[in-house]
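The values are calculated or read from the model by the stated rules, or taken from the named source; none is laboratory data. A quick note: this is a predicted structure, and the numbers were derived from the prediction, not measured. FYI the Cβ positions are ideal-geometry reconstructions off the backbone, even for glycines, and counts take in every protein chain you see.
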Amino acid sequence: MLRSVKGLKDILPQQVSQWQHIETVARTMASQYGFSEIRIPIFEFTELFSRSIGGTTDIVEKEMYTFPDRDGSSLTLRPEGTAGVVRAVLEHKLLDSPTTRKLFYLGPMFRHERPQAGRYRQFHQFGVEAIGTDDPLIDVEVIVLLWQFFLTLGLKDLILHINSIGTPEDRETYIQKLKDFLSPLISTLCGNCQRRYSTNPLRILDCKVPICQKSTKEAPHLIDDLSDTSRIHFQSVLDGLGALEVPYIINHRLVRGLDYYSRTTFEITSPHLGAQSTIGAGGRYDGLFQALQGPSTPAIGFAVGLERVTLLLSEKITCKQPPLFFVAGFGSNGKPQAFKLLYKLRHAGIRADTDYKGNTLKSLLRSADKLGAEYSIILGDDEVNSGNIILRNMQTKVQEIVKLEGITQRIQTGF
Ligand code: HAM
């Protein structure tokens with residue numbers, strides 16, 4: 001039997017209500033905070049991601065699904081949404097606006113990671129991007145939206161981690177300090193971090209391998225090397241969170257795995273998720289527009305891993321649907337009449353269904369139960385002859401004879 005590709009998941013009908021609920025909360029809250037939806041393509045030119053996410057990051061080095069187009073150009077399934085949004089904003093000149101551009105998106109992303117609980121090769125993100133200002137209050141707004149999104153969904157015991165990784169200039173001094181600190185410890189680091197020492201030393205700070213965590217325990221803190229401007233910005237973000245009573249912890253290891261970040265970085269984790277505990281993360285990316293040949297434009301955003309959110313939603317969410325009317329037609333006249341009635345009901349906006357597998361009343365009523373119908377409309381040859389139908393309440397099993405003519409209006413008016 002053919003199976004789905006490793007790391008990819010089907011979302012089955014019984015799970016879809018939960019997904020729709022999460023997506024509705026995301027759309028409603030993003031809109032309440034003034035964000036408009038944008039829909040960007042699933043794949044882009046590879047160069048977009050290598051230039052924005054960074055050539056020495058795990059994503060670009062080993063996790064992208066990259067393939068040649070028929071004309072030989074290199075394409076990549078999007079591993080995240082920020083790069084595509086920035087590309088779209090530049091391409092469609094959406095920066096020509098007096099106000100901050102606030103955009104959100106929902107959709108699948110692709111990374112060739114080692115699959116495990118909460119980590120997949122196709123996963124879904126809800127992301128927002130606020131483009132065009134570096135006022136620290138927009139950092140607060142974006143972080144509070146993320147926090148409130150999770151609270152609205154009823155998630156508990158969340159921890160907001162926050163840090164500032166400064167500007168590239170701030171980091172220059174710090175990276176040298178960090179390398180000096182790490183140089184006598186190189187042999188104690190994992191193989192990956194030994195390589196990162198020369199390619200991307202900051203990432204050593206958030207390596208999850210215990211020996212690396214131990215070796216970097218006493219490492220200098222990046223926030224001690226922030227310029228005055230970056231320090232004041234960071235303090236203002238913390239003050240804003242404090243004013244709105246959003247609890248946070250400063251996490252000096254929070255450097256993020258994408259190279260476009262500058263200044264504010266943040267993640268929200270849950271203790272109920274095991275190793276893949278980050279449910280949402282983001283930060284400021286003030287240099288990304290310029291890196292993609294746009295004008296200098298400060299921006300900040302986040303993305304939420306929706307599969308991880310579903311793992312945390314304990315109760316089954318079922319969306320309230322209008323009542324279902326099952327049309328049970330049988331007999332040589334009843335069946336074709338019932339078929340016509342089914343479409344009449346549907347076209348009048350009534351939720352109606354039938355089942356072609358059963359031909360006897362008994363089997364049809366069994367199907368009605370299976371489908372969760374609230375009512376059955378029974379229409380056999382006798383009913384056709386008398387111009388009636390039998391309306392059966394599937395829960396109480398009470399039946400009533402009703403005129404076929406005008407049945408649609410009766411149902412619409414709550415009979
Ligand atoms: P990210 O930290 O790479 O950031 O991903 C954001 C979230 O997506 C993670 O916290 C996690 O919940 C989820 N996620 C990532 N990889 C996987 C995976 N393989 N399986 C399941 N869930 C996953 C970004 O993507 C940035 N674009 C966020 C951002 C927006 N920064 C600024 N604006």
Restricting attention to segment 148-160, and to residues there that are buried (at least 20 other Cβ atoms within 10 Å of the Cβ) and either at pLDDT below 95 or touching a Phe, Trp or Tyr at 6+ places or on another chain (Cβ under 8 Å) (or both), which single residue is farthest from ASP259 (Cα to Cα)? PHE149
What do you reckon, is GLY132 over 20 Å from the mean Cα position of the chain (by Cα), at positive phi and either surrounded by 16 or more Cβ atoms within 10 Å (Cβ to Cβ) or near the ligand (Cβ under 8 Å from one of its atoms) (or both)? yes
Considering residues of segment 252-268 that are more than 9 Å from the ligand (Cβ to nearest atom) and over 22 Å from SER236 (Cβ atoms) only, the residue surrounded by the most Cβ atoms within 10 Å (Cβ to Cβ): ASP259
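Listed here are the residues, each with its yes/no results for (1) at pLDDT below 95; (2) within 12 Å of the ligand (Cβ to nearest atom); (3) not in a loop (DSSP other than H, G, I, E, B).
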{"residue": "ARG70", "(1), (2), (3)": "no, no, no"}
{"residue": "PRO79", "(1), (2), (3)": "no, yes, no"}
{"residue": "VAL86", "(1), (2), (3)": "no, yes, yes"}
{"residue": "SER97", "(1), (2), (3)": "yes, no, no"}
{"residue": "HIS112", "(1), (2), (3)": "no, yes, no"}
{"residue": "HIS124", "(1), (2), (3)": "no, yes, yes"}
{"residue": "LEU137", "(1), (2), (3)": "no, no, yes"}
{"residue": "LEU146", "(1), (2), (3)": "no, yes, yes"}
{"residue": "ILE162", "(1), (2), (3)": "no, no, yes"}
Working only within segment 295-324, note down all residues that are within 16 Å of the ligand (Cβ to nearest atom), modelled with pLDDT of 95 or more and part of a loop (DSSP other than H, G, I, E, B). THR297, PRO298
Selection from segment 64-73 of residues that are surrounded by fewer than 17 Cβ atoms within 10 Å (Cβ to Cβ) and under 16 Å from PHE110 (Cα atoms): TYR65, THR66, PHE67
Does segment 27-58 hold any residues that are at pLDDT 95 or above and either closer than 13 Å to TYR260 by Cα or touching a His at 6+ places or on another chain (Cβ under 8 Å) (or both), and which are they? LEU48, PHE49, SER50, ARG51, SER52, ILE53
Flag if ALA338 is crowded, with 18+ Cβ neighbours inside 10 Å, free of Cβ contacts under 8 Å to residues at least 60 places away in the same chain and either within 16 Å of the chain's Cα centre (by Cα) or within 15 Å of the ligand (Cβ to nearest atom) (or both): no
Taking the conditions exactly as written (touching a residue at least 24 places away in the same chain (Cβ under 8 Å), near the ligand (Cβ under 7 Å from one of its atoms) and buried (at least 17 other Cβ atoms within 10 Å of the Cβ)), does GLY280 satisfy them or not? yes
Quick one: is VAL246 touching a helix residue (DSSP H, G or I) at 6+ places or on another chain (Cβ under 9 Å), crowded, with 20+ Cβ neighbours inside 10 Å, of a type in the set (Val, Ile, Thr) and not in a strand (DSSP E or B)? no
Restricting to segment 24-51, what's the tally of residues that are over 21 Å from ARG195 (Cα atoms), part of a helix (DSSP H, G or I) and within 15 Å of the ligand (Cβ to nearest atom)? 4
